[in-house]
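First comes the structure, then the notes that go with it.
What follows is calculated from the coordinates using simple rules that are stated; it is not laboratory data. The structure displayed is predicted, hence computed values, not measured ones. With ideal geometry, Cβ positions are generated from the backbone for all residues, glycine too; neighbour counts draw on all protein chains shown.
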Amino acid sequence: MNQHIKDKHLSFEERVIIQLRLKDGYSLRAIARELNCSPSTISYEVKRGTVELYHGKVKRYKATQGHDAYQAHRKNCGRKSDFLRKTQFMRYVHKHFFKDGWSLDVCSNRATAVGAFSSRDVVCTKTLYNYVDQGLLDIHNYDLPEKLKRNTKLHRIRKNKKKTWQKH
């Protein structure tokens with residue numbers, strides 16, 4: 001059996017072990033010792049994965065329920081995109097990009113310099129280019145003249161197979 005690595009999330013197999021050990025009457029501390037993790041981790045996992053059976057009369061831990069709850073919580077992790085909250089600025093960028101021929105950098109910097117938007121309502125240039133790459137804006141890479149000219153491939157520097165000089 002693979003030992004649980006500290007500071008890592010529980011796997012589905014470890015949740016199954018928790019379910020089996022609880023069914024066999026092991027204590028939370030004994031299970032934690034076996035899985036090499038904190039008893040608090042086991043306690044939180046048991047609370048998260050416990051389901052009520054027989055109209056709430058019996059409570060049991062189910063590994064599948066715990067894993068489903070874990071995955072549901074993981075979906076909410078991470079930083080959320082500003083794209084939907086800054087639609088006015090996105091309209092501003094779209095208008096000036098196509099109508100006035102501005103670059104994304106000019107759109108981003110001019111919006112704060114002129115005072116059309118506060119710094120909270122504007123995203124940086126790098127984020128605008130990321131939105132273009134993700135397809136969130138109606139602007140495509142072929143609309144950006146400089147972006148297609150740049151060669152983004154890394155140049156490989158070959159090592160000589162034989163040394164042309166020798167130290168004597």
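Report, ordered by chain and residue number, the aspartates and glutamates lying within cross-link reach of K95, taken as a straight Cα distance under 12 Å and ignoring same-chain residues fewer than 8 apart.
Of all the aspartates and glutamates, those that pass the test against K95 - Cα under 12 Å, at least 8 places apart if same chain - are D138.
Given contacts defined as C-alpha pairs under 8 Å and at least six residues apart, what's the relative contact order of the chain, whole-number percent?
Values: 115 pairs, mean separation 20.0, N = 168.
Relative contact order comes out at 12 percent.
If the only charges are +1 at each Lys and Arg Cβ and -1 at each Asp and Glu Cβ, what is the size of the charge dipole of the chain around the Cα centre, to the nearest 20 debye? Let's see the in-between values first.
Numbers: 36 positive and 16 negative charges, 199 e Å.
Taking the Cα centre of the chain as origin, the dipole is about 960 debye.
Using only Cα positions of region 1-61, each an equal point scatterer, no hydration layer, compute I(q)/I(0) via Debye at q = 0.19, 0.24 Å⁻¹ and quote the log10 values to two decimals.
With no solvent term, the Cα-only Debye profile gives -0.66, -1.00.
Treating the angle as unsigned and between 0 and 90°, give the value, to the nearest 10°, between the Cα long axis of helix 104-114 and the longest Cα principal axis of the chain.
Approximately 90 degrees, to the nearest ten.
Distance check, please: which entries in K75/K153; K75/K99; K126/K153; K80/K147 exceed 31 angstrom between their Cα atoms?
Details: K75/K153 33 Å; K75/K99 39 Å; K126/K153 19 Å; K80/K147 27 Å.
Beyond 31 Å: K75/K153; K75/K99.
What do the square roots of 5 times the Cα gyration tensor eigenvalues come to for region 84-149, in whole Å, largest first, as semi-axes of the equivalent ellipsoid?
For region 84-149, the semi-axes come out at 19, 13, 10 Å.
With Rg/Rh (Cα atoms, Kirkwood Rh) defined as stated, name the option among (1) 1.28; (2) 0.99; (3) 0.94 computed from the structure displayed.
(1)
Against the longest alpha carbon principal axis of the chain, how many degrees, from 0 to 90 and to the nearest 10, is the axis of helix 87-99 turned?
Relative to the chain, helix 87-99 is tipped by roughly 30 degrees.
So how strong a dipole does region 84-149 carry about its Cα centre when Lys and Arg Cβ are +1 and Asp and Glu Cβ are -1, to the nearest 20 debye?
Numbers: 10 positive and 7 negative charges, 40 e Å.
Charge dipole of region 84-149: 200 debye, to the nearest 20.
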